[in-house]
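The values are calculated or read from the model by the stated rules, or taken from the named source; none is laboratory data. Keep in mind that what you see is a predicted model, and the values were worked out from it rather than measured. Reconstructed Cβ throughout: ideal geometry from the backbone, glycine too, with neighbour counts over all protein chains shown.
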Amino acid sequence: MGSHSPKRPSEEQRGLECRQWGCKHFRVIYTRPCRGGRLVRRRGCRRCGRRITTWEKMIG
Ligand SMILES: [Zn+2]
């Protein structure tokens, strides 16, 4: 938390890429339904261990 960029609100959702290493080997730690028909996914980078949270629309 605390890493939000007000200039790019959707950066975390589409930017599944580690800025530090440019790696895209994020593994899903857990998926959990959220309010508003969304899914919260917690992901972690396999290389540097950086963790990010993404919100995705639940289809269906
Ligand atoms: Zn990384």
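Within the stretch 32-60, the set of residues being aliphatic (A, V, I, L, M) and within 16 Å of the ligand (Cβ to nearest atom) comprises just one member, I52. Test R42 against the criterion of being part of a strand (DSSP E or B) and either at pLDDT 75 or above or of a type in the set (D, E) (or both), and give yes or no. For R42, the condition - part of a strand (DSSP E or B) and either at pLDDT 75 or above or of a type in the set (D, E) (or both) - is met. Checking each residue in the stretch 34-60 for being free of Cβ contacts under 8 Å to residues at least 24 places away in the same chain and of a type in the set (D, E, K, R) picks out R35, R38, R41, R42, R46, R51, K57.
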